[in-house]
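Bear in mind that the values in this text are calculations on the coordinates, not laboratory data. Predicted, not measured: the structure shown is a model, and the values here were computed from it. Because the Cβ atoms are built from the backbone with ideal geometry, glycine has one as well, and the counts that use them run over all protein chains shown.
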């Protein structure tokens, strides 16, 4: 049976060729090997019979092209195989760029990675400038860099500084920024206007955009040598070359070749081929696929429209603001109007910062309103309780809420530690209570633990998972248990930091041990971010439920008693300013040799216990939860994946060594046998 083509070519009466990409059997276009081979054949035909101009478009409603086909990365077993794949793609885009007539990429929605590289190979780009537009080169987030000529063409089009910012951060840019940078030659109001804008560019054929002379001069050989250290400085501040080699490779390619000549493309292909085979890239691709799995668990969001949040503290207020920013109608309840007012003010500042458009920020603000009387309960699809961690207070609140709930509404708790079973004991319909455990800060942490018990109705769990996806969070189904998955795993990690502090290890040195391993922040700083009062409370609940003996928490208790609760109060273990911890200098004090293992293996051991107890379905979901909920070093692929790569027997042997020196808290969990 003949395979359906991904490309559709038509010519109109004005002599223009229109090439539409519609990858068969896929909701999103990606540049797979087959798609590129077909494109090459189309371009060869256009070379033989040239049109007046060529316009590339996507036939998919969602956007242009999402990038290369990541699943093809798994089949790369050698550097030469990888080089062949990439160099083949480069040649196709080189052919597109060399066409002797005007070429236009007509973009809507997204153009990411290889999709943007395809657009960069065209002479012009027009785009629908609505809120969906997202252009970027996010390859660095997969441990690689652009490979279809992007490291060369981005610099030639945008200039060194803008191109480096785009590639080194992996961030996406929206419509106004895309036009400002020069990624889009023209913005139009809607898809209907794309065709006329493309026709006009072909007819007028203006000179292609180039950066200013001063910007081009930054790529001159002598200037490159002088500029390279200043470009590398922020890269070194964010990442280590041994953990994340890709951003360093991006700078190196530019420093050696200045985005000029055939050698620059050849070097790009050789460089990305090596990166494909690194442990970092393989692990980051694994994390990307874990993210896709979590997204798929959410199913379809249905007709969710209204949310009612009870509790206008930091978590409740931020959950309400996030839901409103994602387009839901939200009512926010607390006992007094003046307690809700600070949350609304914080939300307005968040909308202005996040949405970057006064009209959209004002619209989001109208979707969030104070509701001291709780009138929104009756019409809400989801009611979220986010009050303080007290079992009786929550039960009392549910007794008031339940009779007013709509028949199919979901009752959810944001508790960070209390199991569902005692919370549901007095409910008439305990099966519709779920946990929706958000993480702090809500706007930055992607994971939501969707907690269920044996009594949870399947429809309630499905609705909770769909709600998490509706607000663009990653849902992790998790069985009810003290601390659930993420906090349960973090408790021994944070406790081990307190053990080290009690032994006299400086706090900044404890954090350095975790950073050296690859964690994005150390356990002491993490405790400040979570809130020392929350850490103390959750730690007690989990330790008591599991029969664990906590460490000496004197330093923690003293700070909580003094109101030094961490970032939210301006001081905790560290002082905080502008959202950053002001750590005392650690000088040349090196972490004790085994401290990183003490911290990390305490966490791994608890992950194995959670897997053995069935808190989540499988080891991959443990990894996903701890990467996206606790920030475990993404380049290591997840805690259990790291344990397997290190070798389960070696990890167990190391735990026994630590047990002999530091006590029973390091006794290997029985679940290691099953993991091996």
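Results, tabulated for the structure shown:
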item: Simple label model, 7 Å out from Cα along Cβ direction - residue 226 to residue 388, nm; result: 6.1 nm
item: Segment residue 241-residue 289, length gained on full extension (0.36 nm per residue, minus Cα span); result: 14.9 nm
item: Sorted by Cβ neighbour density within 10 Å, fewest at the top, the residues 662, 108; result: 662, 108
item: Virtual spin-label span in nm between residue 561 and residue 78, 7 Å along Cα→Cβ; result: 6.8 nm
item: The range 171-225 - Rg and Dmax from Cα coordinates, angstrom; result: 15.3, 47
item: Potential extension, residue 71-residue 425 segment - 0.36 nm per residue separation minus Cα distance; result: 122.8 nm
item: Cα-based convex hull volume of the range 196-297 per residue, rounded to whole Å³; result: 184 Å³
item: Percentage relative contact order, the range 487-675, counting C-alpha pairs under 8 Å, at least six apart; result: 22 percent
item: Over the range 518-629, relative contact order from alpha-carbon pairs under 8 Å, at least 6 apart, %; result: 18 percent
item: Cα-Cα P(r), the range 297-480, percent of pairs per 5 Å interval; result: 1, 9, 19, 23, 22, 16, 7, 3, 1, 0
item: Distance between the range 536-591 and the range 213-258 - C-alpha centres, whole angstrom; result: 38 Å
item: Shape of the range 65-112, Cα gyration tensor, a/c cut at 1.5; result: oblate
item: Likely footprinting exposure, 308, 499, fewest C-beta neighbours within 10 Å first; result: 499, 308
item: Global form of the range 487-675, assessed from the alpha-carbon gyration tensor, a/c cut-off 1.5; result: prolate
item: Which of 334, 40 has the fewest Cβ neighbours within 10 Å, and the rest in rising order; result: 40, 334
item: Calculated P(r) tail over 44 Å for the chain, as whole % of Cα pairs; result: 29 percent
item: C-alpha center-to-center spacing [the range 323-384, the range 592-619] in angstrom; result: 38 Å
item: Added length on full extension, which subtracts the Cα-Cα distance from 0.36 nm per residue, residue 366 to residue 578; result: 73.5 nm
item: Among beta bridges that DSSP assigns inside the chain, antiparallel share in %, nearest 5; result: 25 percent
item: Helix-only CD estimate at 222 nm, as mean residue ellipticity for the chain, using -39500 (n - 2.57) per DSSP H run (n ≥ 4); result: -15500 deg cm²/dmol
item: Relative contact order of the chain, pairs being alpha-carbon contacts under 8 Å that are 6 or more residues apart, as %; result: 9 percent
item: Förster radius 35 Å - calculated FRET efficiency between residue 233 and residue 569 (Cβ-Cβ, nearest 0.05); result: 0.65
item: Label point distance in nm, residue 37-residue 95, each placed 7 Å from Cα along Cα→Cβ; result: 1.3 nm
item: Tensor-based shape of the range 60-151 (alpha-carbon gyration tensor, a/c under 1.5 rounded, otherwise prolate or oblate); result: oblate
